[in-house]
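Everything below concerns the one structure shown next.
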Amino acid sequence: MADLAPFMKQQFFDDNGDPLSGGLIYVYNAGTTTPKDTFTDASGDTNQTNPIVLDAAGRTEIWITTGYYKFVVCDSEDVELYTIDNVSLGAEGGGATGVPDGGDTGALLAKASGTAQDLTWDQQAYSGYSSRFGEAFSSTNLTDTINKILDLSYVAPSISFSASGQSTTREKGDAVTSSTLTANVTKTTDDISEVRFYQGATLLDTQNSGGAIPSGGSNTYSWSGSFSDNTTFKAEADDDGTSGGPTTVSASRTFNFVYPYYVGADSASLAAASVAGLTKRIISSTSNRSETISAGAGEVFYFAYPASYGALTSILDENNFETIGDWTLRTENITGLDASAVSYRIYEFNNTVTAGSYTYTFKR
């Protein structure tokens, strides 16, 4: 049976406080992009999909084995909202075993007085540990032994990060001018000593008192300025760490800027500038799309997007019939919100239709 995660059933929200309907949760081994198994129920017999797809209320049930995890939270368009790394769940790291003379793993055993032996803790080997049974500790070997024991029981902190008040997928030219950056830090073994905020590689602020310091919690930074190109904000947190020095954990959020899709119905042979007046979709995905188009009598359908995304290979109607032969493709420039002339692929349906709603799936 899989061990129950502390957040067995969790609800996620978008920047506006609405449930993250259809959101995606990727689960990896901590510090990697190696997928890690999760389960649909307590039996541990059925794996969750990876990514986990949230329901319409932004909820999911997650059952896991003990270990160290990284979670990447994305919206329904697969745009990353934030990452939580180095999450320790369950009882992993809770016990030590000895491996004397390279033999079988068993209980913590001691060699003869003053003889060094190796320790294994959660599959990591530590050499040179001496129990010194029957001998007095010197200050040197006592300090060394205590440090090693403390290091073995150490668990890194975790961090989550948000940038408030802004959609993370925006139209090119729709600049971000302010955002409140928030780092939520969870202390585990050692006190939190410092929190830092970055825009790209540029350090914005260093905080070493208040908020999450030293016991964990929230630190914020109010950013103002202007940018309209893809930009990543990041927060880092340090704790006191092990005898080898502090441990740093981080989480980030990226703002993506895109040229929109346009979809709708209007009269035939619509000029490119008028196509840009149809319904606008601000999305970063270049994958397949399903659209329901409302048309008036005698109108035709349009579907347009940046030419850099590549041509369509299929257009299926609501009965799953292939219709791409009934559409005409042309390439024209549309002026973006940033005043750039952007090459667009404009697909126009060849036949007028009766009034109603029609659903098509556009595939590359």
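Give the residue that is farthest from the chain's Cα centre (by Cα), with candidates limited to residues of segment 25-44 that are among the polar types (S, T, N, Q) and within 20 Å of Asn86 (Cα to Cα).
Restricting attention to segment 25-44, the residues satisfying the condition of being among the polar types (S, T, N, Q) are 29, 32-34, 38, 40, 43.
So of that shortlist, the ones also within 20 Å of Asn86 (Cα to Cα) come out as 29, 32-34, 38.
On the way: Asn29: 13, Thr32: 12, Thr33: 11, Thr34: 14, Thr38: 16 Å.
Looking at the filtered set, the residue picked out is Thr38.
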Across (1) aromatic (Phe, Trp, Tyr); (2) farther than 19 Å from Thr169 by Cα; (3) at pLDDT below 90, Tyr28 clears everything bar (3)
| query | Is it true that some residue in segment 245-253 is part of a loop (DSSP other than H, G, I, E, B) and either of a type in the set (A, V, I, L, M) or closer than 23 Å to Val353 by Cα (or both)? | reply | no
### Query
If we scan segment 335-343, do we find a residue that is out of contact with any Lys or Arg (no Cβ under 8 Å at 6 or more places or on another chain), surrounded by fewer than 16 Cβ atoms within 10 Å (Cβ to Cβ) and of a type in the set (A, V, I, L, M)?
yes
Of (1) without any contact (Cβ under 8 Å) to a residue 60 or more places away in the chain; (2) not in a strand (DSSP E or B), Ile283 satisfies every one except (1)
Subset of segment 167-206, residues buried (at least 16 other Cβ atoms within 10 Å of the Cβ), under 18 Å from the mean Cα position of the chain (by Cα) and small (Gly, Ala, Ser), comes to Ser167, Ala183
Of the listed residues (Ile334, Ile324, Ile293), the one being under 29 Å from Thr177 (Cβ atoms) and at pLDDT 95 or above is Ile334
Exactly one of Gly200, Gly225, Gly216 is in contact (Cβ under 8 Å) with a residue 24 or more places away in the chain and closer than 16 Å to Ile84 by Cα, and that residue is Gly216
When restricted to Gly264, Gly217, Gly245, the only residue on the phi > 0 side of the Ramachandran plot, surrounded by fewer than 19 Cβ atoms within 10 Å (Cβ to Cβ) and touching a strand residue (DSSP E or B) at 6+ places or on another chain (Cβ under 7 Å) is Gly217
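Can you find even one residue in segment 290-310 that is in a strand (DSSP E or B), closer than 16 Å to Arg330 by Cα and of a type in the set (Ser, Thr, Tyr)?
Quick first cut of segment 290-310, residues in a strand (DSSP E or B) only: 290-295, 299-306.
If we keep only those that are closer than 16 Å to Arg330 by Cα too, we end up with 300-306.
Filter once more, so that each one left must be of a type in the set (Ser, Thr, Tyr): 302, 305.
Checking segment 290-310: at least one residue is in a strand (DSSP E or B), closer than 16 Å to Arg330 by Cα and of a type in the set (Ser, Thr, Tyr).
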Filter segment 321-342 for residues that are part of a loop (DSSP other than H, G, I, E, B) and either among the β-branched types (Val, Ile, Thr) or free of Cβ contacts under 8 Å to residues at least 40 places away in the same chain (or both); the one that is farthest from Val258 (Cα to Cα) is Phe321
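Out of segment 271-317, which residues are of a type in the set (Asp, Glu) and surrounded by fewer than 17 Cβ atoms within 10 Å (Cβ to Cβ)? Walk me through how you get there before you give the answer.
Just the residues of segment 271-317 that are of a type in the set (Asp, Glu), to begin with: 291, 299, 317.
Within segment 271-317, Glu291, Asp317 meet the criteria.
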For segment 23-38, pairs from a residue that is assigned to a loop (DSSP other than H, G, I, E, B) to a residue that is of a type in the set (Phe, Trp, Tyr) and at pLDDT 90 or above, with Cβ under 8 Å and 6 or more apart or across chains, are Thr34/Tyr28; Lys36/Tyr28
Considering residues that are touching a residue at least 40 places away in the same chain (Cβ under 8 Å) and within 20 Å of Asp18 (Cβ to Cβ), the number found within segment 51-67 is 5
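The values are calculated or read from the model by the stated rules, or taken from the named source; none is laboratory data. Everything numeric here is computed off the predicted structure, so don't read it as measured data. FYI the Cβ positions are ideal-geometry reconstructions off the backbone, even for glycines, and counts take in every protein chain you see.
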